[in-house]
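Have a look at the structure below before the remarks.
The values are calculated or read from the model by the stated rules, or taken from the named source; none is laboratory data. Everything numeric in this text was worked out from a predicted model, so none of it was measured. Here Cβ is always computed from backbone atoms with ideal geometry, including for glycine, and neighbour counts include all displayed protein chains. What goes into the accessible areas is simple: the full protein's heavy atoms, side chains included, and nothing from ligands, DNA or RNA. Shrake-Rupley method; radii C 1.70, N 1.55, O 1.52, S 1.80 Å.
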Amino acid sequence: MIPKKIIESYELAKERYSELGIDTHQILKDLDCITLSIHCWQGDDVGGFESPDSELTGGGIMATGNYPGKARTITELQMDLTKANSLIPSSHRVSLHAIYGDFKGKHVDRNEIKLEHFQPWIDWAKREKLGLDFNPTLFSHPKADSGFTLSSKSSEIRHFWIEHIQKCRKICAEIGKQLNDIVINNIWIPDGSKDIPVDRTGHRELLKESLDKIFEQELDPKYIQDSLEGKLFGIGSEAFVVGSHDFYLSYAVKNNLMLTLDSGHFHPTESIADKISAILPFVKGILLHISRGLRWDSDHVVILNDDIIQIAEEIIRSKALDKIFIGLDYFDASINRIAAWVIGARSTLKSILYALLQPWEVLKEYEVNGKYFQRLALLEELKTLPFGAVWDYYCYKHNVPIGKDWIKSVEEYERETLMNRT
Ligand code: RNT
Ligand code: ZN
């Protein structure tokens, strides 16, 4: 697209927004302060690098599709992430899973992982000037096959996974130190059962005990912050999820930890947006896993829909950006994986821009004065303001493709790079 047209459209949009008292220039600066944590696992369908044929098994999550070109090595995954980042405006973080270490073809069990396995990621992050986040991996492993990990009735299994998370936390603190940055360590476990259990209490007591043990290890909060992620159900854990939302909300409040809200992990009529202001005053922070639930799946590629806009509005209105962290979490193996990253990240940023471009003070004043038709009318009118022109200008300013132009770039990368991975 011709930059002159982009600039002209932006100038017109700027005028329209200024009629509402919105300074688009300032808004774009505010948008620059929002960082997404981009999930590495979209790049290879949650396979990881423990062995050449590692793949996602169990855990109640599933990647469907077999689109060609998935990353098979750290180098390929880094290349793909760099490619995706070049199509997403501004600079973002990368979220790793423990199975993505550099194990050099050796069998390194989960309770044996060390900092050295992640050094290539740290060095890459330094070069690319990116922050890193982390996730212990408690699925795709024989010791998770029973459906229980930290809440297993077997003390051997529990201890194995406690050790794994202890190792992960140490690695996080080291990554944080080397990057002089905070690393969010997100703990999600698959524990649960397909059918109705008779001992919910027993498993939850064990999960609490395991977590208590894990958090005995004190680490510098400047470098690591832990977050706990609950879920409503998964495939094979339809009747019971040990680490439910209620369990982790209570645990996080009691222990001053962060809570993760995955937008695919609740009943479809529940609003994740509504939960932000309800939970934020009581927890250390909130990590959002931005996703799109679709029927049985909680991990479809994020698009710009009402759900995500409402979440973005609540993030912005919370005025607590230092306590809210935005991560992406979805995986689609049926389309080009780089495109999946780009679609989800660009849509998330668009939702935030849309939320920023609102005369919130005016809307609040209507609300406080009972002017409800005016509030509703203005919210509706905002929907057809030239927000797309501001977004295009933002992409132009960041030197990333404008509008659909990035599609060509991914097609070219697919032809020249991905198709050679056979
Ligand atoms: C699973 C959780 C979890 C995973 C990642 C891969 O339902 O959402 O966050 O998606 O750890
Ligand atoms: Zn998640």
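Some observations on this one:
- D (Stokes-Einstein, µm²/s), Kirkwood Cα radius, segment 170-303, 0.692 mPa s at 37 °C: 207
- Between Glu55, Glu128, Glu216, the GNM of the chain built on Cα springs shorter than 10 angstrom shows Glu216 fluctuating the most.
- Cβ-Cβ distance of Ile2 and Glu361, R₀ of 51 Å, FRET efficiency by 1/(1 + (r/R0)^6): the value works out to about 0.90.
- Solvent-accessible area per residue, Å², over the chain with all protein chains present [probe radius 1.4 Å]: 46
- Estimated FRET transfer efficiency (Ile303, Arg16; beta-carbon r; R0 35 Å; 0.05): 0.90
- Only Cα pairs under 8 Å and 6+ residues apart enter the sum, and on that basis the relative contact order of segment 118-238 stands at 33 percent.
- Only alpha carbons enter this Debye calculation for segment 86-165, each as an equal point scatterer, and the log10 of I(q)/I(0) it gives at q = 0.15, 0.22 Å⁻¹ is -0.63, -1.01.
- Here the accessible area is traced with a 1.4 Å probe on the protein chains. For segment 1-97, carbon and sulfur cover 55 percent of it.
- ³J(HN,Hα) computed for each position of segment 417-422 - Karplus, 6.51 cos²θ - 1.76 cosθ + 1.60, integer Hz, glycine/proline x: 10, 5, 5, 7, 8, 10
- In this simple spin-label approximation, Glu218 and Ile335 carry label points 7 Å from Cα along the Cα→Cβ vector, and these lie 4.8 nm apart.
- Just so you know, the Rg over Rh for segment 143-217 is 1.06, from Cα atoms, with Rh as the Kirkwood radius.
- Estimated [θ] at 222 nm from DSSP helical runs (n ≥ 4, -39500 (n - 2.57)) normalised by residues in the chain, nearest 500: -13500 deg cm²/dmol
- Rounded to 10°, Cα long-axis angle of helix 3-18 versus longest principal axis of the chain: 80
- Principal axis dimensions, the chain - Cα atoms, whole angstrom, descending: 65, 55, 40
- Legend: Rg and Dmax of segment 356-422, from Cα coordinates, 20.3, 64 Å.
- The chain - percent relative contact order, Cα under 8 Å, separation 6 or more: 21
- Antiparallel %, DSSP beta bridges [both residues in the chain], to 5: 15
- Whole-Å distance, taken between Cα centres, linking segment 201-269 and segment 157-192: 14
- Mean separation of Cα pairs under 8 Å and 6 or more residues apart, divided by the residue count, gives segment 33-178 a relative contact order of 27 percent.
- Asp195 accessible area, assembled protein chains, probe 1.4 Å, Å²: 110
- Using the Karplus relation 6.51 cos²θ - 1.76 cosθ + 1.60 with θ = phi - 60°, the per-residue 3J(HN,Hα) values for segment 373-382 come to 5, 5, 4, 5, 5, 5, 4, 5, 5, 4 Hz, with x marking Gly and Pro.
- Within straight-line cross-link reach of Lys83, lysines at Cα separation under 21 Å, skipping those fewer than 8 residues along the same chain: Lys70, Lys126, Lys129, Lys350, Lys397, Lys404, Lys408
- Sites Leu379 and Lys126, calculated FRET efficiency, Cβ-Cβ separation with R0 45 Å, nearest 0.05: 0.55
- Nearest 10 degrees, 0 to 90: helix 155-179 Cα axis against the chain principal axis: 40
- For the pair Arg295 and Phe282, the difference between a 0.36 nm per residue extended length and the Cα-Cα distance amounts to 1.5 nm.
- Translational diffusion of segment 301-422 was estimated from the Stokes-Einstein equation, with Rh taken as the Kirkwood radius over Cα pairs; at 20 °C and 1.002 mPa s the coefficient is 128 µm²/s.
- With each label modelled as a point 7 angstrom along the Cα→C-beta vector, the Tyr372-Thr201 pair spans 4.5 nm.
- Label-point gap, in nm, between Arg317 and Lys29 - each point 7 angstrom along Cα→Cβ: 2.5
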